[in-house]
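Shown next, in structure tokens, is the structure this report addresses.
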Amino acid sequence: MSTRSLVQGQRIIVIGGGSGIGLAAARRAAELGAEVTIAGRSAERLEQAAESLKGIVRKAVLDLRSEDDVRTFFAEAGEFDHLVITAGEMKHGLGKVAEIETSNAREQFESRFWGPYLAVRYGAALIREGGSITLTTGFFGDKAVPGAAVPSAVHGALENLGRVLAVELAPVRVNVVSPGYTDTPMHDWMSKEQKQAWFEQTAPTLPVRSIASADDIAGAVLFLMENANTTGITLTVDGGARLV
Ligand SMILES: NC(=O)c1ccc[n+]([C@@H]2O[C@H](COP(=O)([O-])OP(=O)(O)OC[C@H]3O[C@@H](n4cnc5c(N)ncnc54)[C@H](OP(=O)(O)O)[C@@H]3O)[C@@H](O)[C@H]2O)c1
């Protein structure tokens, strides 16, 4: 039986691949012999990320919130096999509805819903037979946490979008990965000590008693890319965070 990876030699675009879960997914794919393109807003971040990856790695500076950026990127991208979108930030995204600035709530939808929407809008037609799209949400989509209504709504919208796209874009497969607490640069707005203390406080409350690494979630992303019979699902990798 062959142990050749299904992504070997395939072209994979990871928007959000400059750090965290996206970078970990790009690393796994590159190690399996894929040609990877990582995209994000910061050229410097992409440069550093690319240096840490093996094999054929391309970089693309783009802001997923900009329709022009997304259109231009895909107009030049050529055909590819898998699109992974992990881009997003939580900055100012939390707060009770009566308290959060409306502009901050709208911004969450701009980057985390409309961004992936635009990527699919312009990128899907370039995906080769057997290819896939993986979107990213989070466990707030499954749990009623006061102060997290906006991300919860974003996740619900994106997960429903993914289900419909799985039919609309078939045979391209479309799935969603939903992480829980994961140790990535997303939390770097806290000091190192604050982040460590928060993780130490949070981990024991979770059924798995640990915070995920970016690579834990990347494993799920690779599964969604490689499994030819999986489409229209949300794969939750949250250490049980939605249950407690
Ligand atoms: N980490 C967690 O605990 C956690 C939990 C639940 C869900 N998630 C979700 O998982 C996804 C990945 O997050 P992560 O933890 O890997 O965070 P991360 O390390 O901050 O990665 C997010 C990446 O997205 C890029 N990005 C942000 N806004 C962008 C935009 N408008 N256009 C293009 N690129 C953009 C960032 O690079 P630039 O700033 O250079 O653009 C960054 O490289 C996010 O959607 C997040 O909401 C994370």
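Brief remarks on what is shown
- Being touching a Leu at 6+ places or on another chain (Cβ under 6 Å) and of a type in the set (A, V, I, L, M, F, W, C) holds for only one residue in 60, 39, 50, 29, and it is 39.
- Answer from 237, 244 - the residue that is aliphatic (A, V, I, L, M), within 17 Å of residue 181 (Cβ to Cβ) and within 12 Å of the ligand (Cβ to nearest atom): 237
- Residue in the range 41-48 that is at pLDDT 95 or above and touching a helix residue (DSSP H, G or I) at 6+ places or on another chain (Cβ under 6 Å) present: no
- Per-region count, the range 197-244, residues part of a loop (DSSP other than H, G, I, E, B) and of a type in the set (Asp, Glu): 1
- Of the residues making up the range 167-176, those that are surrounded by 21 or more Cβ atoms within 10 Å (Cβ to Cβ) and more than 15 Å from the chain's Cα centre (by Cα) number 2.
- Applying the set (1) at pLDDT 95 or above; (2) away from the ligand (no atom under 14 Å from the Cβ) to residue 21 leaves exactly one unmet item: (2).
- Candidate set from the range 35-46 (those that are in contact with a Lys or Arg (Cβ under 7 Å, 6 or more places away or on another chain) and more than 8 Å from the ligand (Cβ to nearest atom)); member that is farthest from residue 7 (Cα to Cα): 38
- Test: residue in the range 102-113 that is among the aliphatic types (A, V, I, L, M) and under 13 Å from the mean Cα position of the chain (by Cα): no
- Between 127, 133, the distinction of being within 23 Å of residue 28 (Cβ to Cβ), more than 16 Å from the ligand (Cβ to nearest atom) and either at pLDDT below 95 or out of contact with any His (no Cβ under 7 Å at 6 or more places or on another chain) (or both) belongs to 127 only.
- Considering the range 75-110, and only residues there that are crowded, with 21+ Cβ neighbours inside 10 Å and either among the charged types (D, E, K, R) or in a helix (DSSP H, G or I) (or both), the residue that is farthest from the ligand (Cβ to nearest atom) turns out to be 81.
- Tally of residues being part of a helix (DSSP H, G or I) and either touching a residue at least 40 places away in the same chain (Cβ under 8 Å) or within 10 Å of the ligand (Cβ to nearest atom) (or both) across the range 164-176: 3
- Test result for residue 158, surrounded by 15 or more Cβ atoms within 10 Å (Cβ to Cβ) and within 16 Å of the ligand (Cβ to nearest atom): yes
- Residue in the range 177-196 that is in contact (Cβ under 8 Å) with a residue 60 or more places away in the chain, more than 17 Å from the chain's Cα centre (by Cα) and not in a loop (DSSP other than H, G, I, E, B) present: no
The values are calculated or read from the model by the stated rules, or taken from the named source; none is laboratory data. No experiment lies behind these values; they were computed from the predicted model shown. Glycine also receives a Cβ, built like all others from the backbone with ideal geometry; neighbour counts cover every protein chain displayed.
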